[in-house]
Structure formats: structure tokens, C-alpha cells
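Notes for the one structure printed next.
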Amino acid sequence: MVAVSQTWARAPGDRSAAARRLTAVLALMLALAALAGLAAGASGTSLWSALADLAAGRELSLRDRVVLWDIRLPRVMMGCLVGAALAVSGAVLQGLFRNPLVDPGIVGVSAGASLGAVVAIVLGGSVAVIPAQWLVPVAAFAGAWAATLTLYRIATRAGRTSVATMLLAGIALTALAMALTGLLVYMADDAQLRDFTFWNMGSLSGASWSKLAVAAPLIGLPLLAAPALARGLNGLALGEAAAGHIGIEVQRLKAAAVLIVAAATGAAVAVSGGIGFVGIVVPHLLRLVSGPDHRYLLPNAALLGAALLVLADLASRTVIAPAELPIGIITAVIGGPFFLYVLLRQRGLVDL
Amino acid sequence: MLIARDIVVKHRRRTILHGLLFRAEAGQVTAIIGPSGAGKSTLLGTLSGDQPFEGRITLNGRDIRGARPAEMARQRAVLPQAMPMAFPFTVAEVVRLGLHEAMALPHVVAQALGRVGLAGREAALFQELSGGEQQRVHLARVLAQVWAPVTGGAPRWLLLDEPVSSLDIGHQLQVMAIVRAFAGQGGGVVMVMHDLNLTAMSADSVALMQAGRIVAQDRPGAVFTDALLGAAYGCAVAVNRTPRDCAYVLPQVAGGPGG
Ligand SMILES: Nc1ncnc2c1ncn2[C@@H]1O[C@H](COP(=O)(O)OP(=O)(O)OP(=O)(O)O)[C@@H](O)[C@H]1O
Ligand SMILES: [Mg+2]
């Protein structure tokens with residue numbers, strides 16, 4: 001504590017010490033959320049009695065092992081990955097567009113990913129190049145990438161982003177992607193329809209070790225790469241020209257940001273359907289606490305996004321247990337009003 | 001030395017700069033003046049490497065075309081005319097943006113802010129400052145980026161687009177003193193100016209622009225004449241001289257109280 005306050009005295013206005021402390025707090029919070037996710041559930045299995053059994057050297061019952069190891073643990077880990085992916089995608093998109101209102105779900109990136117996934121489900125049988133379990137995530141990535149690029153081309157002129165154009169283009173892109181998705185669903189046969197419906201429910205309930213093996217690299221790579229964007233995104237807050245003046249390779253930065261967002265969002269949507277608002281709520285809360293410096297914002301967003309989604313998933317499977325609520329409903333109920341609140345606070349600044 | 005030869009800049013079909021020659025020496029303050037829309041910002045932006053151009057620009061003897069942004073950033077800092085700022089950064093965080101991790105010493109931030117008269121404001125949120133304070137924070141950021149006017153024997157450069165446009169007279173003089181000191185220690189300064197009197201007092205060389213051309217570049221005493229200024233600005237300009245032969249301009253308002 002003494003060291004921290006000395007740092008503060010030496011560099012006033014520098015919130016990095018606070019941001020680093022926040023990282024530790026968030027890591028602890030994620031650990032607790034993960035424990036809660038493992039401990040609670042519809043079945044009567046108790047994490048604590050299982051741990052007590054293990055500690056006493058007793059064999060776990062088959063039922064406990066299946067529930068904890070094959071159902072809850074992959075689900076908690078998938079929640080971490082998806083939450084981190086959505087929150088980091090939101091933070092990167094917001095930095096890229098220099099606006100805190102951008103969310104992959106609102107500006108059409110998730111809809112692009114969904115369209116890609118549905119194309120893969122319905123037409124995928126004829127493409128044998130990619131193994132089946134990779135096909136949907138890769139197609140979702142391609143859809144998210146195309147949507148992000150289109151959005152950026154439409155909304156940004158000469159290095160400036162028009163917020164109105166961006167939000168309206170997001171509405172148009174979402175509508176278009178949903179119309180095409182509807183068309184494909186109409187064309188689908190019964191088996192494909194079952195696949196699609198299952199996927200479209202948007203929950204983490206299908207999480208398994210084999211799905212995790214696909215999602216982990218697809219989400220993990222962009223998450224690991226994202227911190228390399230931090231200095232560039234900080235500079236971009238000054239505008240594209242000034243970012244170049246302080247030495248940032250702006251075109252390369254933008255291309256990398258779009259790829260990272262597309263990969264993370266695409267994979268998250270592919271494994272969990274559409275989960276909205278995580279990308280807008282998490283970075284906004286973090287900026288309030290420790291400022292907008294992306295060097296800390298990006299890792300902290302990953303931690304908080306993961307923790308929040310694990311908790312939302314916990315709520316989704318316990319609120320009306322033994323039935324399940326789609327997790328997208330829970331994030332929307334919390335995130336929708338939050339988005340409106342941010343919009344209202346921004347109204348003076350954003351000239352719509 | 002910063003030399004720009006045969007510079008042509010076009011936006012769509014319109015030619016904004018018509019093959020002009022511009023030069024600035026290290027150790028000097030070079031001002032670019034001229035009426036609104038003459039192309040001053042376009043010229044400064046071109047010197048900064050912002051846009052495609054025909055012709056050739058060399059900074060310290062090296063062609064800026066194809067130079068990497070990081071390499072340029074070590075040699076020159078740029079203060080644009082308008083500065084948008086997304087997200088609520090603090091003053092200290094804004095000043096730090098131009099610094100690489102290794103150089104980001106707290107005392108540079110504090111000293112740069114002190115020079116522009118904002119000592120002790122590090123923790124304020126940038127977006128809650130007044131327009132003139134924001135302009136000075138950006139000036140501090142730019143100063144911090146090229147903190148030593150000379151490194152490894154090579155001069156560094158400040159390219160400033162209207163650095164005093166939102167400032168009161170006290171802070172205008174403060175900024176001019178900063179700029180003179182930077183040049184006095186061997187750095188180079190190029191600044192776009194609207195205030196003719198401040199320009200005459202602070203610049204070693206003045207480039208007068210009109211309609212995408214440089215109509216004169218010389219020491220202030222030679223450029224500040226009734227004929228040159230009157231023709232460029234399209235109004236009657238009476239140039240006077242102080243006893244120490246510094247030019248000054250008193251605008252003539254038709255029907256004003258001064259008669
Ligand atoms: N991006 C652009 N696209 C099209 N035309 C442009 C662009 N930027 C500048 N221009 C035009 O180039 C001309 C010169 O503009 P510039 O900004 O260089 O003027 P200026 O001398 O800096 O004026 P001021 O004193 O008002 O800042 C103007 O007529 C302007 O309309
Ligand atoms: Mg200008």
C-alpha cells in the first residue's frame with residue numbers, strides 16, 4: 001500500500017496502479033465465480049462433498065464425476081472464454097470506432113457471425129475441406145469479419161467515424177443478415193433445422209470438452225493477441241492522423257483489430273449463439289473505475305467479461321431450475337437498460 | 001532542414017497545392033500565414049506525412065515518403081488544428097500518449113505541463129478542460145514527444161497548426177516563448193499562424209500562402225509589406241515598424257471608432 005501511494009505521488013493523473021490493483025480484484029472475482037459455477041446446478045451434486053470425498057481418499061461416484069467433470073467444468077470454462085471474447089471484442093471495437101456505444105451485437109458483427117454459422121449448417125454438407133466441428137466456427141468468423149469490414153467502410157470517412165451512420169449501418173446489416181438467415185432456415189431440411197434450432201437457442205448448455213477443444217484456440221489466440229493493440233488503440237483516441245504522428249501504423253492496427261474482433265466474436269457466437277451487451281457493459285464499467293487506457297482495459301475486460309458470463313450462466317440454470325433460461329435473455333435484461341443509460345449520458349457528446 | 005519541392009496535393013479532382021517550394025531551417029521558427037482556405041493546414045499535413053502528394057519532401061536529409069511512422073515520430077511531433085479526443089483520459093495520460101514506454105518518465109509529463117502553464121492539472125479529465133486548456137495539453141503532449149530539441153546530432157521538429165488559436169494574450173506569449181526556446185536549442189519549428197503581429201515578433205522566416213501557392217517566403221520584415229499582405233488577404237493592411245524595426249499591423253476597420 002505504501003509503494004502504491006508513492007507511485008501515485010510521483011505520477012499524478014496516472015491510473016495504472018489502480019488499474020493493476022483492479023486486475024487482481026477481478027482475477028479473484030473470476031475465481032469465485034468459477035467456483036460458484038462448479039458448485040451450483042440443477043442436480044443434487046455438491047462440489048463440497050465431492051471435494052471432501054477426494055480429500056478423504058474416497059472414489060467419486062460416477063454421477064458426481066460426470067456432473068462435475070463432464071458437464072459443469074466445461075460449461076464454466078466455455079462461459080469464461082465466451083465472456084472474455086465478447087468483452088474484449090467490445091473494448092477493441094470501441095477503441096477502433098472511438099466510441100463507447102459499439103457492441104458486437106448492436107453493430108451487426110454478431111449477426112454476421114450468425115449468418116456465417118447458418119450458412120455452414122445448411123450448406124456445409126457439400127464443403128468437405130474443413131472438418132465438421134471446425135466448419136461452423138470458421139464460417140462464423142468469416143461472417144463476423146465481413147460484417148466488421150463492411151461496417152468500418154460505411155461508417156468511417158477520412159479517418160472519422162460518424163456515430164449515426166455506424167448505428168444505422170449496424171441496424172441495416174443486422175436486418176440483412178437476419179433476412180438471409182431466415183431464407184436459409186426456410187431452405188433447410190429437418191436435420192439441419194434441428195441443428196440450427198439447438199445452436200440458435202444461444203446458451204452454454206451444449207458445452208463439452210470436444211467443443212471446448214475447438215473454441216479454446218479460436219478464442220484464445222485473439223485474446224492473447226489483443227494486448228498488442230493497446231498502445232495503438234490509445235493513440236487512435238486522438239484520431240487517425242494524430243495516431244500516425246505518434247508513430248502508430250494505423251492501417252495495420254485497424255486490420256489487426258478487425259481480425260481479432262472477428263475471430264473472437266465469430267467463435268463466441270459459433271459456440272453459444274447470440275449473447276448481447278457483455279461487450280458494452282464490461283468496458284464501460286472498467287473505464288469508470290480505472291480509466292480508458294487499453295493496456296489495462298483489455299486484460300481487465302477479459303477477466304470481468306468471463307466472471308460476468310459465468311455468473312449469468314449460473315443464473316440462467318438456477319433461476320427456474322430444473323428448466324433453463326437462455327443466457328441471452330439474462331444479459332439483455334441487464335445490458336439493455338445499461339446501454340440506454342450510456343446513450344443518455346452520451347447524448348450531449350454524440351451528435352446524432 | 002525540412003525541404004519540400006514541387007509539392008502538388010489534390011483532393012478528388014481539385015488541386016489544393018499547386019507545385020510549391022517550402023523550406024525550414026533547424027534552429028529557426030518558420031511561420032506559414034495566409035487567408036483561410038489558402039492551404040496552410042494542407043501543407044502542414046503534407047509535411048507531416050498525412051496525405052499522398054507529388055514532389056519530394058526531405059526531413060533532415062531523408063525522404064519522408066516510405067518512412068515508417070515510428071521513425072517519423074522520433075524526429076517530429078505534430079499538433080493538428082482540430083483535436084478530437086475519444087474516452088475520458090486524464091491530462092497526464094494524454095501527454096503520455098506520444099511517449100514510448102521506455103521514455104515515459106513522470107518528470108517529462110510534469111515538466112511539459114509546467115511549461116504550458118498547466119502544472120498540477122495532471123489528474124484532471126481532459127474532456128472537462130476549457131478549449132484553451134485542451135489546446136495547451138496537446139501542446140504539452142507534442143513537446144513531450146520530442147523532448148530534446150536535438151538528439152544524436154540531428155534536430156527534431158515541431159509542426160504546429162495554429163498553436164495559439166484559442167489562447168489569451170498571456171498564454172500566446174508563453175507558447176511563443178516555448179517555441180523560440182525550442183529553436184534556440186537547435187530544434188526546428190514550423191507553425192501555421194493567423195496572428196500577424198505574433199508572427200512578426202516570433203518567426204525567423206515567414207511563408208505567405210494564397211490559393212495553394214506560396215507567394216513569398218522570407219524574413220518577416222520582407223514579407224510584411226502593405227502590398228504583399230494586402231493582395232494575399234484581400235483587404236487594406238497598414239504595416240508599421242517599431243523603433244527596433246519589427247513589423248506590426250493595425251487592422252483598419254471602415255467606419256470604426258478609430259476613424
Ligand atoms: N479532405 C479534403 N477534401 C477536400 N478538400 C479539402 C480537404 N481538406 C482541405 N480541403 C480544401 O483545401 C483548401 C485548403 O484547406 P486548408 O485546410 O489547407 O486551409 P487553411 O489555409 O488551413 O485554412 P484555415 O486558415 O481556415 O485553417 C480548402 O479550400 C479546403 O476546402
Ligand atoms: Mg487550417
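Being within 28 Å of residue B:74 (Cβ to Cβ) and either crowded, with 24+ Cβ neighbours inside 10 Å or more than 16 Å from ligand 1 (Cβ to nearest atom) (or both) is true of residue B:148.
Taken together, the residues in the stretch A:241-273 that are surrounded by 23 or more Cβ atoms within 10 Å (Cβ to Cβ) and either at positive phi or more than 12 Å from every other protein chain (Cβ to nearest Cβ) (or both) amount to 15. Can you spot a residue in the stretch B:203-224 that is surrounded by fewer than 14 Cβ atoms within 10 Å (Cβ to Cβ), over 21 Å from the mean Cα position of the chain (by Cα) and outside any loop (DSSP other than H, G, I, E, B)? Checking the stretch B:203-224: not a single residue is surrounded by fewer than 14 Cβ atoms within 10 Å (Cβ to Cβ), over 21 Å from the mean Cα position of the chain (by Cα) and outside any loop (DSSP other than H, G, I, E, B). For residue B:44, state whether it is among the hydrophobic types (A, V, I, L, M, F, W, C) and closer than 17 Å to residue B:208 by Cα. So residue B:44 fits the description; yes.
Is it true that some residue in the stretch A:7-14 is at pLDDT 85 or above, surrounded by 13 or more Cβ atoms within 10 Å (Cβ to Cβ), over 21 Å from the mean Cα position of the chain (by Cα) and over 22 Å from residue A:312 (Cβ atoms)? Within the stretch A:7-14 (the criterion being at pLDDT 85 or above, surrounded by 13 or more Cβ atoms within 10 Å (Cβ to Cβ), over 21 Å from the mean Cα position of the chain (by Cα) and over 22 Å from residue A:312 (Cβ atoms)), the answer is no, since none of the residues qualifies. Just one residue in the set B:35, B:80 is more than 14 Å from every other protein chain (Cβ to nearest Cβ), in contact (Cβ under 8 Å) with a residue 24 or more places away in the chain and within 16 Å of ligand 2 (Cβ to nearest atom); that residue is B:35. Answer yes if at least one residue in the stretch B:151-164 is outside any strand (DSSP E or B), over 19 Å from the mean Cα position of the chain (by Cα), modelled with pLDDT under 95 and away from ligand 2 (no atom under 16 Å from the Cβ), and no otherwise. The answer is yes; a qualifying residue exists. Criterion applied to B:77, B:73 was being in a helix (DSSP H, G or I), more than 16 Å from ligand 1 (Cβ to nearest atom) and on the phi < 0 side of the Ramachandran plot, and the one residue passing it is B:73. Given the criteria part of a helix (DSSP H, G or I) and within 14 Å of chain B (Cβ to nearest Cβ), does residue A:212 qualify? For residue A:212, the condition - part of a helix (DSSP H, G or I) and within 14 Å of chain B (Cβ to nearest Cβ) - is not met. Just one of (1) in a loop (DSSP other than H, G, I, E, B); (2) more than 16 Å from ligand 2 (Cβ to nearest atom) fails for residue B:51. It is (2). Are any of the residues in the stretch B:141-149 within 16 Å of ligand 2 (Cβ to nearest atom), under 23 Å from residue B:83 (Cβ atoms) and in contact with a Leu (Cβ under 9 Å, 6 or more places away or on another chain)? For the stretch B:141-149, residues within 16 Å of ligand 2 (Cβ to nearest atom), under 23 Å from residue B:83 (Cβ atoms) and in contact with a Leu (Cβ under 9 Å, 6 or more places away or on another chain): absent.
Each row is one residue, and each column tells you yes or no for (1) of a type outside the set (Gly, Ala, Ser); (2) closer than 13 Å to residue B:158 by Cα; (3) within 16 Å of ligand 2 (Cβ to nearest atom).
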residue: B:8; (1), (2), (3): yes, no, no
residue: B:19; (1), (2), (3): no, no, no
residue: B:24; (1), (2), (3): no, yes, no
residue: B:27; (1), (2), (3): no, yes, no
residue: B:57; (1), (2), (3): yes, no, no
residue: B:63; (1), (2), (3): yes, no, no
residue: B:69; (1), (2), (3): yes, no, no
residue: B:84; (1), (2), (3): yes, no, yes
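Could you please give the count of residues in the stretch B:53-71 that are touching a residue at least 24 places away in the same chain (Cβ under 8 Å) and within 14 Å of chain A (Cβ to nearest Cβ)? Count: 1. I need the full set of residues from the stretch A:20-48 which are assigned to a helix (DSSP H, G or I), touching a residue at least 12 places away in the same chain (Cβ under 8 Å) and more than 20 Å from residue A:83 (Cα to Cα), in order please. Within the stretch A:20-48, A:20, A:21, A:47 qualify.
Table: residues versus (1) out of contact with any Phe, Trp or Tyr (no Cβ under 6 Å at 6 or more places or on another chain); (2) assigned to a loop (DSSP other than H, G, I, E, B); (3) more than 11 Å from every other protein chain (Cβ to nearest Cβ); (4) not aliphatic (A, V, I, L, M).
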residue	(1), (2), (3), (4)
B:112	yes, no, yes, no
B:121	yes, yes, no, yes
B:140	yes, no, yes, no
B:167	yes, yes, yes, no
B:173	yes, no, yes, no
B:178	yes, no, yes, no
B:183	yes, no, yes, no
B:194	yes, yes, yes, yes
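Within the stretch A:148-158, is there a residue that is within 16 Å of ligand 2 (Cβ to nearest atom) and either assigned to a loop (DSSP other than H, G, I, E, B) or within 24 Å of the chain's Cα centre (by Cα) (or both)? Looking for residues that are within 16 Å of ligand 2 (Cβ to nearest atom) and either assigned to a loop (DSSP other than H, G, I, E, B) or within 24 Å of the chain's Cα centre (by Cα) (or both), one finds at least one in the stretch A:148-158, hence yes.
Filtered by the rule that a residue be surrounded by 19 or more Cβ atoms within 10 Å (Cβ to Cβ) and near ligand 1 (Cβ under 9 Å from one of its atoms), the stretch B:3-13 gives a lone residue, B:9. Is the stretch B:123-130 home to any residue that is away from ligand 1 (no atom under 16 Å from the Cβ), more than 8 Å from every other protein chain (Cβ to nearest Cβ) and touching a Ser or Thr at 6+ places or on another chain (Cβ under 8 Å)? Yes: one or more hits.
The listed residues are B:57, B:16, B:64, and the only one of them that is surrounded by 14 or more Cβ atoms within 10 Å (Cβ to Cβ), among the aliphatic types (A, V, I, L, M) and within 14 Å of ligand 1 (Cβ to nearest atom) turns out to be B:16. Kindly check whether there is at least one residue in the stretch B:102-123 that is within 24 Å of residue B:173 (Cβ to Cβ), within 16 Å of ligand 2 (Cβ to nearest atom) and not aromatic (Phe, Trp, Tyr). Within the stretch B:102-123 (the criterion being within 24 Å of residue B:173 (Cβ to Cβ), within 16 Å of ligand 2 (Cβ to nearest atom) and not aromatic (Phe, Trp, Tyr)), the answer is no, since none of the residues qualifies.
Among residues of the stretch B:27-54 being within 9 Å of ligand 1 (Cβ to nearest atom) and among the polar types (S, T, N, Q), the one that is surrounded by the fewest Cβ atoms within 10 Å (Cβ to Cβ) is B:36. Scanning the stretch B:188-233 for residues that are over 26 Å from residue B:167 (Cα atoms) and either β-branched (Val, Ile, Thr) or within 15 Å of ligand 1 (Cβ to nearest atom) (or both) gives B:211, B:212, B:213, B:214, B:215, B:225.
Of the residues A:212, A:221, A:229, A:238, the single one that is under 18 Å from the mean Cα position of the chain (by Cα) and within 30 Å of residue B:82 (Cβ to Cβ) is A:229.
Residue selection: residue B:12 satisfies the criterion of being away from ligand 2 (no atom under 16 Å from the Cβ), within 14 Å of another protein chain (Cβ to nearest Cβ) and out of contact with any helix residue (DSSP H, G or I) (no Cβ under 8 Å at 6 or more places or on another chain). The number of residues in the stretch B:168-195 that are surrounded by fewer than 22 Cβ atoms within 10 Å (Cβ to Cβ) and within 16 Å of ligand 2 (Cβ to nearest atom) comes to 2.
Taken over the stretch B:80-95, the criterion of being more than 16 Å from ligand 1 (Cβ to nearest atom) and either over 19 Å from the mean Cα position of the chain (by Cα) or surrounded by fewer than 23 Cβ atoms within 10 Å (Cβ to Cβ) (or both) is satisfied by B:85, B:86, B:87, B:88, B:89, B:90, B:91, B:92, B:93, B:94.
The values are calculated or read from the model by the stated rules, or taken from the named source; none is laboratory data. Fair warning: this is a prediction, and the values are worked out from it, not measured in the lab. Reconstructed Cβ throughout: ideal geometry from the backbone, glycine too, with neighbour counts over all protein chains shown.
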